[in-house]
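Notes follow the structure.
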Amino acid sequence: MKFALVEGIRQEATTGIRGICPGCGSPTLAKCGLKRLHHWAHVSTSVCDRWWEPETEWHRAWKNLFPTEWQEIHHRATDGEVHIADVMTASGTVLEFQHSAISPQERGSREAFYDPMIWIVDGNRLKRDLSSFRDALIDAPSVETEARAWLLSDRACAIIERWRGGHRPVFLDFGDSDFFLSWLPSTGVLWRLRFTPMGRVIVTPVHRLSVVDHLLSGAPISGFRRPIVKQARSRPRF
Ligand SMILES: [Zn+2]
């Protein structure tokens, strides 16, 4: 966890201090080694939220785009179980930054618990996901929504197939990977997946910053338009 209570105040971990878990009230110890990000760990139990995953730099970078008071928000279910949302926005939308593998069952229970919520998924956990996702786009028909997008089978590649069947918006984060499209920048892009009931998914690249602004202030999420090129006929479609 990034935060614990020290004398009643939410604080980040610094060497040698003890705190209290805001979720379960157990003592926590600041872990400030070199290998992992500075964090708080429970002294005697494992973390109280069974959904919690060890934080990566990727998690922290995402969390830090939002105000600290929105980060690590504890919820207690009616059965007493504690869950820590990575971020909860002012309007009550929960953001889950998902790096580790997650089963469809676990995903379903989180979607039922947090409503509304969105998933932001680390697309770079498995090396082969990027290349198979890129390959799937090459053969896919484009759909002219308000922005440049493609229509794919929801089994078109592994990372899409793993997220099919969910009921919340999913954004894939491939970092600064190049997709070799002249109109698409190699930085600042997220890939929105919108699953349709017919076993398809609409895949839309969007400006990462517009997603963050959307969550911060409700600004619209913006995608990309295909550039108007004079010799469009002689150019490949992709
Ligand atoms: Zn706890």
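The values are calculated or read from the model by the stated rules, or taken from the named source; none is laboratory data. Values in this document were obtained by computation on a predicted structure and should not be read as measured data. Cβ coordinates were reconstructed from backbone atoms using ideal geometry, including for glycine residues, and neighbour counts include every protein chain displayed.
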Determine whether Pro54 is within 28 Å of Asp213 (Cα to Cα), within 16 Å of the ligand (Cβ to nearest atom) and either free of Cβ contacts under 8 Å to residues at least 24 places away in the same chain or in contact with a helix residue (DSSP H, G or I) (Cβ under 8 Å, 6 or more places away or on another chain) (or both).
yes
When you look at Ala30, is it within 15 Å of the ligand (Cβ to nearest atom) and over 15 Å from Ile73 (Cβ atoms), yes or no?
yes
Pairs, please: C-beta under 8 Å, at least 6 apart or cross-chain, first residue touching a residue at least 12 places away in the same chain (Cβ under 8 Å) and in segment 144-161, second acidic (Asp, Glu) and surrounded by 15 or more Cβ atoms within 10 Å (Cβ to Cβ)?
Cys157/Asp129; Ala158/Asp129; Ile159/Asp129; Ile160/Asp154
Could you figure out which of (1) farther than 20 Å from Val94 by Cα; (2) out of contact with any Pro (no Cβ under 8 Å at 6 or more places or on another chain); (3) not hydrophobic (A, V, I, L, M, F, W, C) isn't true of Arg36?
(2)
Looking only at residues that are of a type outside the set (A, V, I, L, M, F, W, C) and in a strand (DSSP E or B) in segment 52-89, which one is modelled with the lowest pLDDT?
Arg76
